[in-house]
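Just below is one structure, and these are the notes that go with it.
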Amino acid sequence: MVADMALQKKVLVLGATGSIGTSTLDIIRRQSDRFVCCGIQANKKKDAISSLAAEFHCQFTLTAEDGTDGIRRLVDQTKPDIVVNGIAGSEGLVPSQIVLEAGVDLALANKETIVMAAPLMFALAKKNGCKILPVDSEHSAIFTLLNQCGRENADKLIITASGGPFRTWTTEQIQKATIHDALKHPTWNMGKKITVDSATLGNKGLEVIEARRLFDFTTDKIQVVVHPQSIIHSLVRTKDGIVYGQFSEPDMKHPIIQALDYPAINTDFMRPFDLTDTADGTRTLSFEKPRFEDFPLLRLAFDAAEKDASYPIVFNAANEIAAWAFIEGKIGFTDIARIVGGVMQHDWSKAVRDMQDVFSADTEARKQARALL
């Protein structure tokens with residue numbers, strides 16, 4: 001059956017060879033009647049890009065070597081209906097900016113876009129009549145739940161966390177954790193940096209900042225709950241004290257499809273969720289409070305979210321430097337939080353007025369973090 005091009009949504013995929021990009025392309029592959037890949041960007045894997053371009057009959061491709069001008073050109077050439085930004089780290093910020101400047105809807109998996117420059121990005125989206133649709137499983141769940149419950153009825157956002165590989169470790173064990181230990185995530189298969197962030201709960205901290213900025217809830221209305229099974233992706237408590245949650249198997253294709261289809265909810269190829277669909281017909285869901293003392297990055301992130309101004313930028317920048325230093329064997333596991341905390345002790349209360357302010361705070365925070373290594 002030949003797909004009706006007029007009914008297909010044109011999708012540009014940034015970070016095509018990463019976990020988000022790979023999942024997005026698999027969705028397009030399986031639902032070619034509804035989606036078409038109009039452009040592909042990846043970091044340096046030219047052979048992989050060439051292979052994907054041939055498979056998806058996509059003539060517009062790009063590597064990171066082409067820089068931000070290349071992203072701008074790619075968006076202009078492909079004229080997408082929606083862009084999936086799966087670029088990891090702060091490198092994903094400017095591509096998000098370019099997409100929103102072009103007035104194109106943004107399916108956003110890049111946390112740093114919101115953590116570093118949320119007010120500027122929202123202003124761009126409003127000015128150019130486009131949407132920012134969260135693809136993080138937690139924020140996608142909250143986005144959907146708020147739409148269903150009514151934003152005005154919500155009292156608290158509850159973000160779930162797997163707890164990472166050190167959830168059951170003692171304080172003494174955590175202090176001796178190696179990079180080999182930190183990369184053994186119990187649920188998700190991700191890149192090294194985000195896996196380390198999951199081990200420190202720094203990734204959950206970034207999600208707290210992201211939730212604060214995406215949904216405009218104060219930090220006292222945001223809670224983190226450890227949920228090792230990663231079945232409930234987040235919850236919303238309404239003013240009457242009732243809690244509503246989103247349940248699904250831990251597969252990033254779910255939030256990506258939700259963003260691609262928004263505002264519609266369509267039948268897709270994913271297996272419908274069943275609470276008893278396990279080997280023995282039972283499923284146990286458990287919940288715990290996070291251990292702030294053993295995972296101090298989470299408390300530091302709440303502080304950054306509450307203080308706002310340039311603090312979220314600084315938390316992200318210092319964490320990137322420290323996490324990579326740990327990955328490269330330059331510091332110990334607990335040094336990550338020590339470095340981030342040390343940088344955040346300074347005054348970062350300057351308001352962010354433009355992208356130059358964002359980059360200035362980011363650069364200075366990285367400089368200070370390197371000095372503490």
Legend entry - Å² per residue, accessible surface of the chain at 1.4 Å: 46
Inset, instruction - Report, ordered by chain and residue number, the lysines lying within cross-link reach of K46, taken as a straight Cα distance under 26 Å and ignoring same-chain residues fewer than 8 apart. - result: K9, K10, K79, K111, K192, K193, K253
Legend entry - Most mobile of Q229, Q148, Q258 in a GNM of the chain (Cα contacts under 10 Å): Q148
Inset, instruction - Just the number, please: percent antiparallel of the DSSP beta bridges in the chain, rounded to the nearest 5. - result: 30
Inset, instruction - Give me the percent of Cα-Cα pairs in segment 249-373 that sit more than 17 Å apart, rounded to a whole number. - result: 68
Inset, instruction - Compute the separation of the alpha-carbon centres of segment 352-373 and segment 78-98 and state it in Å as a whole number. - result: 21
Legend entry - Within-13-Å neighbourhood charge of G86 [Cβ basis; K, R +1; D, E -1]: -2
Inset, instruction - Would you compute, from DSSP H runs of 4+ residues alone, the mean residue ellipticity of the chain at 222 nm, taking -39500 (n - 2.57) per run and dividing by the full residue count, rounded to the nearest 500? - result: -14000 deg cm²/dmol
Legend entry - Accessible surface, 1.4 Å probe, highest first, among residues H346, H233, H57: H57, H346, H233
Inset, instruction - Work out the FRET efficiency for A64 and F273 from their Cβ-Cβ distance, taking R0 = 56 Å, and round it to the nearest 0.05. - result: 0.95
Inset, instruction - Over segment 11-83, with every protein chain in place, what whole percent of the accessible area is carbon and sulfur at 1.4 Å, could you tell me? - result: 45
Inset, instruction - Please work out the Cα center distance from segment 5-51 to segment 214-274, rounded to the nearest Å. - result: 24
Legend entry - Rh by Kirkwood over Cα pairs, then Stokes-Einstein D for segment 225-264 at 1.002 mPa s and 20 °C, µm²/s: 183
Legend entry - 10 Å-binned pair-distance histogram of segment 137-194 (Cα, whole percent): 18, 36, 23, 19, 5
Inset, instruction - Please tell me the relative contact order of the chain in percent, rounded to the nearest whole number, where contacts are Cα pairs under 8 Å and at least six residues apart. - result: 15
Inset, instruction - For the chain, restrict the atom set to alpha-carbon positions and state the Rg and Dmax in Å. - result: 20.2, 62
Inset, instruction - Could you order W324, W348 so the one with the most accessible surface comes first? Probe is 1.4 Å. - result: W324, W348
Legend entry - Accessible surface of segment 264-373, 1.4 Å probe, proportion on carbon and sulfur as whole %: 52
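The values are calculated or read from the model by the stated rules, or taken from the named source; none is laboratory data. Remember, it's a predicted structure, so these values are computed and weren't measured experimentally. Every residue, glycine among them, receives a Cβ derived from its backbone with ideal geometry; neighbour counts consider all protein chains shown. Areas reflect the complete protein model, heavy atoms only, side chains present, ligands, DNA and RNA absent. Shrake-Rupley method; radii C 1.70, N 1.55, O 1.52, S 1.80 Å.
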